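Every number in this text was worked out from the coordinates using simple rules, so none of it is lab data. Because the structure is a prediction, the values reported are computed rather than measured. Reconstructed Cβ throughout: ideal geometry from the backbone, glycine too, with neighbour counts over all protein chains shown.
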Amino acid sequence: MDFSDTPQEAEYRAKARAFLNAHTDDLPTLAGDELARLARQRKWQAIKADSGFACISWPKEWGGAGGTAMERVIFAEEEAKRGVPDAFFGIGLGLCLPTVIKYASEQQKQEMVGAAVRGEQVWCQLFSEPGAGSDLAGIRTKAVRDGDSWVLDGQKVWTSGAHYSDFGLIIARTDPDVPKHKGMTMFFVHMDSHGVEVRPIHQMSGGVEFNEVFFNEVRIPDEQRLGEVGEGWKVAIYALMNERVQGGKERGISAAETIALARKTPVGNATLADDGAFRAAFADWYVRTRGVQLTRYRTLTAMSRGQVPGPEASIGKLVTAFELQQMSRLLVEAQGAYGMIDDDDMAIFQGKVHHDLLHSPGIRIAGGTDEILRNIIAERVLGLPKGPQADKDVPFYQTR
Amino acid sequence: MNFDFSDEQEMLRNEARKFLEGRCPSTRVRSVLEDPHRAYDEELWAELVGQGWTALSLPEEHGGLGMSRTDLCVLAEELGRVLAPVPFASTVYVLAEALMIAGTEVQRRKLDAIAAGDCIGCLAISEGPGEPSFDRIEASVSGGKLTGTKLPVVDGMAATDALVLAKDEDGTVRLFLVALDHQTVQREVLDTLDPSRGAARIVFDATPADPIGEAGLIDPILDGAAVLIAFEQVGGADRALEQAVEFAKERHAFGRAVGSYQAIKHKLADAYVNNQVARSNAYYGIWALDAGSDELPQAASAARVSACHAFWYAGRESIQTHGGIGFTWEADQHLFYRRSLVLDMAVGSPRFWRDRLFGAVERFAADDEARKAV
């Protein structure tokens, strides 16, 4: 049990710091509109790739640095300390490209992997549909074979970044006559293909991160199939395996910032920091958010010993999303009536807490709802039996 | 970073688990629970001493094995899993820690007796209703003699020696070492929520008392005990959850296993999350304790707050998952429920530790700012 850096880790951290300190002018920020931010992030991604700091734990063969999971985390920690946003490439490099590396042809990998690592090409994930969210295997977008190509028809939804992506990883129904998990196939698609239409979704938080994506007779060659026909579910599980480990990152304002705010917030003749109820609520928030952060270090230790992270990594997002919602509400409410003012120039932390309050409901749903994550823990970690599934072994076309 | 136990520590765990599964089935816990005349399981205690467990973390010059507290917490977790009815925490996490941190050469001789199993400790803080508060301590020492009443004192009937919080002649509240075999000491057993880790009322009437350490010694003692007891709680919480899961897989209602219903699944998934959160905080706590880190006050508070919650939730919902059978005396579920409550209150309640956690995080953040400014 040693929480400090090992000599090798300390050496790597020093290297990462030296690199970041030499590039202070290149570090991306949150300023400007989306396109401006994307341009800066792309440039930064290319600089990192040239210096061996992009996709650190990937093999060198695919543009990575051949490093360890721990090194990836150390670099991410150092980037985060300097306020570098973690944006635009997470879905592509975390989820789509590992799938491409496992299932695409040599030539496709040569064309696509390096470009994605350098930030030249951005990827999105086209899984969810209006009728298939938590029950992802219920997708209805169909792919019909026509000679050497496939024709896609249907609608995807909740697609982050579809509007600036070059490629998408898409799962489609290729055989409606077999039970739902068996009739799907995975493909990748150029987002500028004829018949692809992207429409932004206006979120309850006011932001626009997600899209609806419509496929109207979109024709793609069979070479863009990833995995065997009918094996789409297996490929999707492989892709999503990576999402869980990412989902536990820290969210919201820090413990020190929360306490500093509490000290400035009047309650009666004292402050919020003297209020027993708030101190107790803070403690519960602290032990849970800190607890999942520390659990992530345990997962990393297991990974550095060669173990593969299992479904237990699901606890990260389950805890942090809910705790973010709770603490945001507590801090906003503690402002009294003033707390209802959602104006960045007037609100606490320039509106960041209000933003978290309106954004956190989405985090509790995206990438596995709280309820689905609890099912995963109960079934895959604790080994409890699945409930009855009415559509099990039923041909897909007969299901609702 | 290596945020896990070593291979040697895992071997120690396997041996400890095998030993305790054989020697400490729940019938042993019940035999102490159901007999008001037994303060602890003397036979099991002798066996633990024989295995070198009380000596494990003590220095070699005092007959100890010179191992770390991280080794010790492996034993703590295993003792917690089986709800061992022995005064291990009071002796090893509290009394021995105090002697090692602050004992004089003469006082430290007690460590030899702990290693040999001839000394059992207890921590006497509480005097009545309410959280420990220096302002309300009435026990006092004058001319080297302690007078006052302490209750409840966990393991107070089993103990040979007490660590007592009392005022000295200047009115400063501090810890004293007190031998309990003196004629001026009167003890009686109290009815408590968990008689398998019983408690006593102890009345001191001009009893010889020997001051130990500085006035602030109680803080590191509480922090260390919080971390090590957190491992007992994590062990108990894990076992309570395992029993609930086993039952939910077997028990059928409305034609299927009750564990296939989401109402049960989500409850037990929440228990799993609580246990993982508590385990990770406990790991951080034991690291901070062994490394002598200035993060110990916040790490210890976090370990205790999360472990209290995890054990309480798992014990409570394990009974609920078992349904009516879980409410019977014969089922083991109430043993976990009872132990979780007593460990909750043994070294300051969760309420006390939540407040302490806020203070510790605030102080650490301020020190951190000061360090950055330099």
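List of remarks:
- Per the Kirkwood formula applied to alpha carbons, chain A shows a radius of gyration over Rh ratio, Rg over Rh, of 0.98.
- Averaged over the residues of B:255-263, the number of partner chain Cβ atoms lying within 10 Å of the residue Cβ comes to 4.
- Diffusion constant of region A:123-231 at 37 °C, which comes from Stokes-Einstein with the Kirkwood Cα-pair radius and 0.692 mPa s, µm²/s: 236 µm²/s
- Cβ-Cβ FRET estimate between A:ASP50 and A:SER160, R0 fixed at 35 Å, reported to 0.05: 0.85
- Neighbour-count ranking [beta-carbon atoms within 10 angstrom, fewest first] of B:MET100, A:MET112, A:MET346: A:MET346, B:MET100, A:MET112
- Note on A:SER193 and A:GLU61: their simple-model spin labels are 2.8 nm apart, each label 7 Å out from Cα toward Cβ.
- Dipole moment magnitude, nearest 20 debye, chain B about Cα centre, only Lys, Arg, Asp, Glu C-beta charged: 1200 debye
- Once the convex hull of all Cα atoms in region B:217-373 is built, its volume per residue stands at 112 Å³.
- Dividing the radius of gyration of the alpha carbons in region A:247-381 by their Kirkwood radius gives 1.04 for Rg/Rh.
- GNM on chain B, alpha-carbon springs under 10 angstrom: the most fluctuating residue among B:PHE336, B:PHE247, B:PHE204 is B:PHE247.
- For the protein assembly as shown, convex hull volume per residue from C-alpha positions, Å³: 182 Å³
- Mean Cβ neighbour count within 10 Å, used as a protection proxy, ranking A:303-314, A:324-335 highest first: A:324-335, A:303-314
- Fluctuation leader among A:GLU197, A:GLU61, A:GLU323 - chain A, Gaussian network, Cα springs under 10 angstrom: A:GLU61
- Antiparallel %, DSSP beta bridges [both residues in region A:135-220], to 5: 95 percent
- With a 10 Å cut-off around each Cβ of B:275-288, the average count of Cβ atoms from other chains is 5.
- C-alpha center-to-center spacing [region A:99-120, region B:128-156] in angstrom: 71 Å
- Degrees between helix A:276-304 axis and first principal axis of chain A (Cα, 0 to 90, nearest 10): 50 degrees
- Pairs from A:LYS156/A:LYS180; A:LYS60/A:LYS81; A:LYS102/A:LYS180; A:LYS81/A:LYS264; A:LYS142/A:LYS234; B:LYS145/B:LYS167 whose Cα-Cα separation, in the structure shown, is over 20 Å: A:LYS60/A:LYS81; A:LYS102/A:LYS180; A:LYS81/A:LYS264
- The Cα center of region B:74-94 and the Cα center of region A:339-400 differ in position by 39 Å.
- Using a cutoff of 8 angstrom between alpha carbon atoms and counting only pairs six or more residues apart, the relative contact order for region B:122-213 works out to 33 percent.
- Ordering A:VAL196, A:GLY206, A:CYS124 by the projection of their Cα atoms onto the charge dipole of region A:123-231, which places +1 on the Cβ of Lys and Arg and -1 on the Cβ of Asp and Glu, puts A:GLY206 at the extreme positive end.
- Modelled spin labels at A:ASP345 and B:PHE254, positioned 7 Å past Cα toward Cβ, are 5.7 nm from each other.
- Angle in degrees between helix A:34-51 and the longest Cα principal axis of chain A, rounded to the nearest 10: 80 degrees
- For chain B: span of alpha carbons on each principal axis (Å, largest first): 73, 59, 40
- Helix A:315-333 vs. chain A, principal-axis angle (Cα, 0 to 90°, nearest 10): 40 degrees
- Residues A:VAL319, B:VAL74, B:VAL106, A:VAL198, arranged from fewest to most other Cβ atoms within 10 angstrom of their Cβ, appear as B:VAL106, A:VAL198, A:VAL319, B:VAL74.
- Relative contact order, percent, region B:48-101 [alpha-carbon distance under 8 Å, six or more residues apart]: 24 percent
- Equivalent-ellipsoid semi-axes for region B:7-119 (Cα gyration tensor, √(5λ), whole Å, largest first): 24, 18, 10.
- In order along region A:355-367, phi translates into HN-Hα couplings of 4, 4, 5, 8, 8, 4, x, x, 5, 5, 10, 5, x Hz, rounded to whole numbers, per the Karplus curve 6.51 cos²θ - 1.76 cosθ + 1.60 with θ = phi - 60° and x for Gly and Pro.
- Top of B:ILE221, B:ILE325, B:ILE125 by mean-square fluctuation, Gaussian network on chain B, Cα under 10 Å: B:ILE325
- Gap separating the Cα centres of region A:188-245 and region A:297-335, nearest whole Å: 27 Å
- Derived scalar couplings ³J(HN,Hα) [region B:342-353; Karplus, 6.51 cos²θ - 1.76 cosθ + 1.60; whole Hz; x for Gly, Pro]: 5, 5, 4, 9, 5, 10, x, 6, x, 4, 4, 6
- Arranged from fewest to most other beta-carbon atoms within 10 Å of their beta carbon, B:CYS308, B:CYS24, A:CYS96 become B:CYS24, A:CYS96, B:CYS308.
- Here the Karplus curve 6.51 cos²θ - 1.76 cosθ + 1.60, taken at θ = phi - 60°, turns the phi angles of region A:21-31 into couplings of 5, 6, 10, 4, 6, 8, 5, x, 10, 8, 6 Hz, with x standing for Gly and Pro.
- The label-point distance for B:SER293 and A:LEU240, in a model that sets each label 7 Å from Cα toward Cβ, rounds to 3.5 nm.
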